[in-house]
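One structure is given here, and the rest of the page talks about it.
Every read-out reported here was derived from the displayed coordinates using simple, explicitly stated rules and does not represent laboratory data. It should be emphasised that the depicted structure is a prediction, and the values quoted were computed from it without experimental measurement. Here the Cβ positions follow ideal geometry from the backbone for every residue, glycine too, while neighbour counts run over all protein chains shown.
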Amino acid sequence: MMLREKTLEPLVVANQFTSPGKVIDIQAYGNGNVNDTFLVTLDCQTENKFILQRLNTRVFRQPELIMQNIRIFTEHVRSHLQHDPLLSGRRWEVPRVLLTKDGRDHWIDPGGSFWRALSFIDQAQSFDTIQGIEHAQEVGYALAMFHSLISDLPVEKLADTLEGFHITPRYLRHYDEVLAKNRPRKSPEVDYGLRCISKRRTWACVLEEAKEQGKLHLRPIHGDPKVNNVMIDTVTRQAISLVDLDTVKPGLIHYDIGDCLRSGCNPLGEDTEQWETIRFETDICRAILHGYLSIAGGFLNEKDYDYLFEAIRLIAFELGLRFFTDYLEGNIYFKAGHEEQNLFRALVQFKLTESIETQATDIRAIIQDMR
């Protein structure tokens, strides 16, 4: 199979990593907003694929620490997988870091780009949106399994690779700085975004204040457990992995729970331009929480439950704030296919936040029923 010219650069990089066969194809893979990802195919029968990624070092300024966290995480989880009773015979996999031919966990090309390779999880797929109630329960199960397997990993072993990540008050301060320098053009969409942020400033510190007061505590977190990072077995339809480990770091598990529900309970997805029709679906919320709490209920305390609704509400708003700020700055963080894509992404999250607020009583009742 002949490689297309546009894949020649990744081909050179792929050959820096140790693999069981010869590279015969490389294709762009996935739809991530930050890194460049490729699927590499080899001419061998087993383990005939791996993932090649160029990390965005404007976002991940200390990529070596990211790889360090991933190695610590994967080694810790593998020590559990042979005997953890929660698995009950179910398949669960963790991506394996592939080393370069000189034994490193990354390769820096002559242009300074930072590359890494990870094993490919075969016979699995992911979805951008929830496919049904059973899928929703599996997404919740996946996050709970992830948290359970690292619940005894000392948080001080992990580097804080993204200082300020999910710290909403910091995002607000950055927004204020950007807004002062970049006055946006007037439009109904921009005005709506400005109003949404202004209206919600006062409670943006709710989780950080709970942490400072000792009500919530740092734990190892995934950092980005959205629906399309949950891998589903193509045969059993069960969750078998939670991938995209760049944001594994110390944090509040409420960030993960809120992000998972923000992502899962919006059937139209992050990139729809039909933002005015966005609704937070409580049936999906119930299913995800059922899947999560069936495993995670054992390590959550009463204060953790007290702040679940605030997490669901806050993380949707936070992502909207981040998208909106990036739009104002000229789309320098999140990849954008057109100038206003991050604006529309922000509007989706703000509309989702509104929907969460209007259904607060129902969502709190769901949480209460599962305590």
Scoring the chain by relative contact order with C-alpha pairs under 8 Å, at least six apart, yields a percentage of 18
In terms of the charge dipole of the chain, which places +1 on Lys and Arg and -1 on Asp and Glu at the beta carbon, the residue among Phe323, Ala144, Thr282 farthest towards the positive end is Phe323
Among (1) 0.99; (2) 1.03; (3) 1.09, the entry matching Cα Rg over 2.2 N^0.38 Å as calculated here is (1)
Neighbours of Asp122 by Cβ distance under 14 Å: Lys/Arg at +1, Asp/Glu at -1, summed charge 0
One can check that the equivalent ellipsoid of the range 91-147, built from the alpha-carbon gyration tensor with semi-axes equal to the square roots of five times its eigenvalues, has lengths in Å, largest first, of 33, 13, 10
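For the range 42-165, count the residues as N, evaluate 2.2 N^0.38 Å, and divide the Cα radius of gyration by that value, please.
Details: Rg = 16.6 Å, N = 124, 2.2 N^0.38 = 13.7 Å.
For the range 42-165, the normalised Cα radius of gyration is 1.21.
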Plugging the Cβ-Cβ distance of Ala360 and Thr234 into 1/(1 + (r/R0)^6) at R0 = 25 Å yields, to the nearest 0.05, a FRET efficiency of 0.10
Most exposed to least, judged by fewest other Cβ atoms within 10 Å, Trp275, Trp203 sort to Trp203, Trp275
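Please give the calculated 222 nm ellipticity per residue for the chain, where each DSSP H segment of at least 4 residues contributes -39500 (n - 2.57) and the sum is spread over every residue; nearest 500 deg cm²/dmol?
Working: 12 runs with 159 residues, N = 371.
Result for the chain, helices only: -13500 deg cm²/dmol.
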Quick note, the range 133-292: a/c under 1.5 would make it rounded; otherwise a/b > b/c is prolate and the rest oblate (a ≥ b ≥ c, C-alpha gyration tensor); here it is oblate
